[in-house]
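The values are calculated or read from the model by the stated rules, or taken from the named source; none is laboratory data. Keep in mind it's a predicted model, so treat the numbers as computed, not measured. Ideal geometry is used to build each Cβ from the backbone, glycine not excepted, and the neighbour counts take in all protein chains shown. Areas reflect the complete protein model, heavy atoms only, side chains present, ligands, DNA and RNA absent. Shrake-Rupley method; radii C 1.70, N 1.55, O 1.52, S 1.80 Å.
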Amino acid sequence: VLGEHLRICPQGYTCCTSEMEENFANKSRSEFEAMMKEAGRSVQTTLTVQHRSFDSYFQDLLNKSEKALYDAFPSMYGELYTQNMKVFKDLYSELRRYYRGSNINLEEALNEFWTRLLERLFKLMNPQYHITDEYLDCMVKHAEQHKPFGEVPRDLKVKATRAFIAARSYAQGFLVGSDVVKKVSQVSLSHECTRAIMKLMYCPHCRGMSSVKPCNNYCLNVVKGCLANQADLNTEWKYLMDSLMVVADRIDGPYNVDTVIGTIHMRIAEAISNLQENKDSITAKVFQGCGNPKISTKGSSSEDKKRRGKVTLEAKSSAQALEMLVLDAKGNLTALKTYWITLPSSLCSKKVMASSAADDKCWNGMTKGSYLPEVMGDGLANQINNPEVEVDITKPDMTIRQQIMQLKIMTNRLGNANIGNDVDFQDASDDMSGSGSGDSCPDDVCGKRLSKSPSTRQPETHAIPKQSGHGINGASSRSLPSAFLLLLSVAFFAAQHLWR
């Protein structure tokens with residue numbers, strides 16, 4: 001057949017009808033979208049497995065610390081523990097909720113724990129007195145300045161806050177990365193792209209050349225044109241991978257979660273011992289500042305008179321397991337850094353099965369022969385002269401621009417975690433205008449560019465993109481604040497204007 005009816009393939013002698021050409025177009029489109037999803041699933045799996053491994057390790061550390069406390073404290077402290085079990089349970093519950101993404105001020109939660117514990121223990125240490133709530137308020141003010149628990153509360157607050165901020169941001173980073181890949185891998189192809197993919201993959205069949213492979217450079221130009229928006233993720237994606245690696249070093253280094261989280265029960269025991277040793281002087285100072293409370297009619301408890309002995313709690317280190325987790329994660333993150341810009345060559349070589357670059361007997365879009373045009377660069381702006389796909393570089397894909405924004409937000413959070421600083425997602429929007437094509441990432445992997453000065457106000461945790469099948473819950477189910485969404489839309493319009 002002469003082939004004058006063909007709308008996509010080169011016109012000339014052909015064995016394809018119009019209907020066959022249309023079927024091939026639909027087939028090539030669905031096949032290419034399936035290739036994209038499959039490549040994305042591989043990355044999602046890698047990130048999800050890393051998240052699961054760390055999450056399991058971290059939760060296990062917290063569970064073991066809590067169990068050690070429950071196992072040892074009843075025999076060690078008797079009534080002092082059993083009457084105040086809820087105080088300890090509440091602490092571990094708050095720590096878990098914070099880690100999972102709830103809107104909790106960690107420092108305030110720890111302060112509240114020590115205050116409640118001091119109130120309960122002071123009453124137990126002075127059972128002969130009737131101590132009212134008003135007296136307890138006064139006691140806390142007077143006692144705290146004398147450090148009844150020694151240096152433990154201050155030291156634990158600094159170390160635990162840093163460790164939890166790092167651990168939470170680290171775990172969230174993997175989920176956000178996975179979610180971005182999932183959303184971006186589902187972006188549908190344009191009409192121009194569908195035509196180009198069909199021409200690449202199935203037009204040889206219409207010319208009776210079904211065994212001729214597409215030229216590699218020809219394939220690269222088609223795929224780079226079709227995935228131009230995805231390639232623009234590259235800069236922020238690399239920042240996220242780098243930031244995760246830096247925080248991984250913190251987790252296994254200065255903010256060591258094994259040492260800090262695995263020994264919380266020991267620090268609490270140490271603090272209680274400090275209070276018991278300083279009991280008389282603390283009580284005297286409180287009585288001096290608040291007056292002598294009334295004598296209780298109930299009499300004294302015999303329980304407190306029993307000496308419980310020195311604390312001999314131990315922590316079972318899992319430092320080696322943490323080291324292996326971090327090493328494995330860093331290896332995977334390094335491998336994923338260039339995912340978006342190596343995707344076209346990966347798809348061409350593994351999926352489309354293009355011929356070698358030097359082959360002059362490959363399908364070049366018209367016939368069997370060499371492919372002469374040069375290969376385009378990566379990203380939307382570089383497609384202005386793409387010979388194979390007509391790409392409107394003035395219209396970035398909004399779904400992908402939103403995902404670039406999510407990467408920036410998460411990198412900001414990790415940059416702050418790197419310096420032990422919690423940050424809310426409203427702060428994160430401060431430097432998030434523009435198209436997402438990124439500038440050079442500064443010192444210490446974005447830490448300085450992205451960090452805010454430490455704030456005394458309550459940090460908030462706004463919504464992370466909803467993760468399928470994963471438990472970042474609590475406040476994470478809320479939507480991003482409206483002010484941030486407004487900034488987001490302004491940024492998008494600015495981006496579109498810039499592309500013109």
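Out of every Cα pair in the stretch 144-207, what percent are spaced more than 14 Å from each other?
Across the stretch 144-207, Cα pairs with separations above 14 Å total 77 percent.
Say each of Met366 and His146 gets a label point 7 Å from the Cα, pointing the same way as Cα to Cβ; how far apart are those two points in nm?
The answer from the label model is 9.5 nm.
For the stretch 275-285, what does the Karplus curve 6.51 cos²θ - 1.76 cosθ + 1.60, with θ = phi - 60°, yield as ³J(HN,Hα) per residue in whole Hz, taken in order and with x for Gly and Pro?
Coupling constants for the stretch 275-285: 5, 4, 5, 9, 3, 5, 5, 5, 4, 4, 5 Hz.
Using the heavy atoms of the protein chains and a 1.4 angstrom probe, tell me the accessible area per residue for the stretch 316-386 in square angstrom.
Result: 56 Å² of accessible area for each residue.
Work out from phi, with θ = phi - 60° and the Karplus expression 6.51 cos²θ - 1.76 cosθ + 1.60, the ³J(HN,Hα) of each residue of the stretch 406-419, listed in order in whole Hz, and give x for Gly and Pro.
Couplings: 5, 5, 4, 4, 5, 5, 4, 4, 5, x, 6, 4, 4, 9 Hz.
How large a share of the accessible area of the stretch 101-245, in percent, is made up of carbon and sulfur atoms when the probe is 1.4 Å and the other protein chains stay in place?
Carbon and sulfur together cover 44 percent of it.
Take the alpha carbon atoms of the stretch 372-413, find their center, do the same for the stretch 71-99, and report the distance between the two centers in whole angstrom.
Computed from Cα coordinates, the inter-centre distance equals 53 Å.
Compute the accessible area per residue over the stretch 209-273, keeping the other protein chains in place, probe 1.4 Å, unit Å².
24
Spelling out what I want: for every residue of the stretch 151-156, take phi, set θ = phi - 60°, compute 6.51 cos²θ - 1.76 cosθ + 1.60 (Karplus), and round to whole Hz; glycine and proline get x.
Values, residue by residue: 8, 4, x, 5, 5, 5 Hz.
What does the extension gain come out to for Glu38 and Ile419, with contour length at 0.36 nm per residue minus their alpha carbon separation?
Between Glu38 and Ile419, full extension yields 133.5 nm more.
Taking amide H positions as placed 1.01 Å from N in the peptide plane, with prolines and chain starts having none, which residues 5 or more places from Tyr129, or on another chain, fall under 5 Å of its amide H?
Amide H to amide H, under 5 Å and 5 or more residues apart or across chains, Tyr129 pairs with Ser296.
As an exercise, use a Förster radius of 30 Å and the Cβ-Cβ distance of Glu374 and Gln11 to find the FRET efficiency, rounded to the nearest 0.05.
0.70
Shape of the stretch 320-388 from its Cα gyration tensor (a ≥ b ≥ c, root eigenvalues): rounded if a/c is under 1.5, otherwise prolate when a/b > b/c, or oblate?
prolate
Using r as the Cβ-Cβ distance of Ser56 and Thr399, and R0 as 35 Å, what FRET efficiency do you calculate, to the nearest 0.05?
Efficiency at R0 = 35 Å is approximately 0.65.
Just to confirm, what accessible area per residue do you get for the stretch 99-189 at 1.4 Å probe, in whole Å²?
For the stretch 99-189, the per-residue accessible area is 38 Å².
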